[in-house]
Amino acid sequence: MKHAFVLLFVLILCQFTMLQADEPKRYELTARASLVDSRAKSHPEIGFVFEKDGKPQDVQHAFVDTRVAPRGKLVIWLMGHNGPLFERLSGYGLHAIQVHYANGWFGKLNKEPPPDDKYLGRIRLEAATGEDFSDAIDIPKPDGMAERSFQFVKWLAKENPQGKWEQFISADGKTLRWENVIMAGISHGSTTAARFAIHQKVDRVVMLSGPRDQLENWYSMPSATPANRFFGFTHVLDGGWTADHYCRSWELLGLHQFGPIVDVDQTKLPFGNSRRLITNADVKKDANRAHSSSQPGGAAVKDASGKFIHEEVWRYLFTHPVDQVGEPVAADPDCRKDHNKGSK
């Protein structure tokens with residue numbers, strides 16, 4: 001009788017544990033890239049390493065909230081992990097991952113002026129794809145963003161079945177379903193997101209405080225991702241804005257076809273369905289804070305009650321229907337297009 005009671009208790013405990021495991025909630029998962037894929041390598045020549053000062057550098061993050069109706073879209077964030085952003089993304093019904101990929105090249109390989117007008121663009125594309133696009137860098141496929149993302153999603157599909165990550169794996173099991181992927185980033189991450197989306201058709205691109213390869217013209221290349229799927233947001237005190245880097249790249253991407261530049265602090269949702277959003281919110285005249293304020297976090301602007309003032313903006317950027325666009329406007333003659341010559 002005693003053994004039967006113990007067995008019954010164990011069965012009930014197991015059932016309770018299983019129910020808890022399947023209970024709708026926000027899942028926050030991490031995994032080291034070097035453990036997810038044994039082929040992954042470090043590249044110390046460009047500062048791309050797995051450990052630094054005794055701390056792991058290749059920790060990857062994933063969020064999904066099974067309490068929220070899923071949108072069937074996967075956000076790949078190309079910058080350091082941002083918890084407040086991922087909380088919001090999962091709250092929108094999006095799956096979100098941040099991967100460790102070969103992006104340590106920027107400060108080492110950037111040249112001004114560049115050897116040609118697509119130099120950095122090729123480096124970005126090789127870092128993103130792991131394919132041989134640039135002579136300046138050698139990033140094998142397992143160390144590029146695309147493969148790191150694919151391997152991470154496969155790992156998530158096994159480790160977090162509640163999240164249904166397998167929906168983002170192609171039918172042949174060899175890659176991601178890129179048509180359901182949202183590429184996003186801030187600063188150089190937004191620039192790489194844009195360059196990759198020109199190469200590979202994705203669902204949309206969210207560019208915070210960017211993009212800004214201001215001496216290059218790869219933005220004007222034929223794009224696999226239609227221009228109406230690119231969304232930008234920046235602060236007007238950001239150096240990339242005051243120096244006409246962002247207005248230039250937005251126009252080269254063709255975003256003026258979908259509405260004027262809109263000040264989100266003066267215009268209500270849906271911001272004229274524009275793809276070019278700006279803010280002049282109070283950042284104490286700090287250009288560095290302005291650069292970081294386009295994303296949720298310590299630099300973002302709050303109201304008197306302590307709430308972020310751009311909650312509607314972030315939701316818009318990631319969820320606004322791509323077929324709803326503003327009226328086209330002419331290019332801005334005051335936006336400097338040729339930074340190599342220093343002319344308008």
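Checking each residue in segment 123-168 for being more than 18 Å from Gly72 (Cα to Cα), in contact with a helix residue (DSSP H, G or I) (Cβ under 8 Å, 6 or more places away or on another chain), assigned to a helix (DSSP H, G or I) and without any contact (Cβ under 8 Å) to a residue 60 or more places away in the chain picks out Ile123, Lys141, Ala146.
Filtering Ala4, Ala69 for residues that are out of contact with any helix residue (DSSP H, G or I) (no Cβ under 9 Å at 6 or more places or on another chain), loosely packed, with under 11 Cβ neighbours inside 10 Å, modelled with pLDDT of 95 or more and on the phi < 0 side of the Ramachandran plot leaves a single hit, Ala69.
Contact map, segment 247-268: first residue modelled with pLDDT of 95 or more, second residue assigned to a loop (DSSP other than H, G, I, E, B) and buried (at least 23 other Cβ atoms within 10 Å of the Cβ), Cβ cut-off under 6 Å, separation 6 or more or different chains; pairs are Ser249/Pro211; Leu255/Arg275; Phe258/Arg275; Gly259/Ser274; Val262/Ser274.
When segment 100-119 is limited to residues that are in contact with a helix residue (DSSP H, G or I) (Cβ under 8 Å, 6 or more places away or on another chain) and assigned to a helix (DSSP H, G or I), the one that is surrounded by the fewest Cβ atoms within 10 Å (Cβ to Cβ) turns out to be Lys108. Across segment 151-180, the qualifying residues are those that are among the hydrophobic types (A, V, I, L, M, F, W, C) and out of contact with any Phe, Trp or Tyr (no Cβ under 7 Å at 6 or more places or on another chain), and the one among them that is farthest from Ala227 (Cα to Cα) is Trp155.
When Ala290 is tested against (1) surrounded by 24 or more Cβ atoms within 10 Å (Cβ to Cβ); (2) farther than 21 Å from Ala193 by Cβ; (3) hydrophobic (A, V, I, L, M, F, W, C), just one condition goes unmet, and that condition is (2). Among the residues of segment 189-244, those that are part of a helix (DSSP H, G or I) and within 18 Å of Gly107 (Cα to Cα) comprise Gly189, Ser190, Thr191, Thr192, Ala193, Arg195, Gly239, Gly240. Under the condition of being surrounded by fewer than 16 Cβ atoms within 10 Å (Cβ to Cβ) and either touching a residue at least 12 places away in the same chain (Cβ under 8 Å) or in contact with a strand residue (DSSP E or B) (Cβ under 9 Å, 6 or more places away or on another chain) (or both), the residues counted in segment 28-40 number 3.
In the set (1) out of contact with any Ser or Thr (no Cβ under 8 Å at 6 or more places or on another chain); (2) not in a loop (DSSP other than H, G, I, E, B), Gln324 fails one condition alone, (2). Checked against (1) within 21 Å of the chain's Cα centre (by Cα); (2) farther than 22 Å from Arg315 by Cβ; (3) part of a loop (DSSP other than H, G, I, E, B), Arg248 passes all but condition (3). Among the criteria (1) more than 21 Å from Lys154 (Cα to Cα); (2) modelled with pLDDT under 90; (3) not charged (D, E, K, R), the one Phe50 does not fulfil is (1).
The values are calculated or read from the model by the stated rules, or taken from the named source; none is laboratory data. Here the structure is a predicted model, which is why all the values come from computation and not from measurement. So basically every Cβ, Gly included, is an ideal-geometry build from the backbone, and we count neighbours across all protein chains shown.
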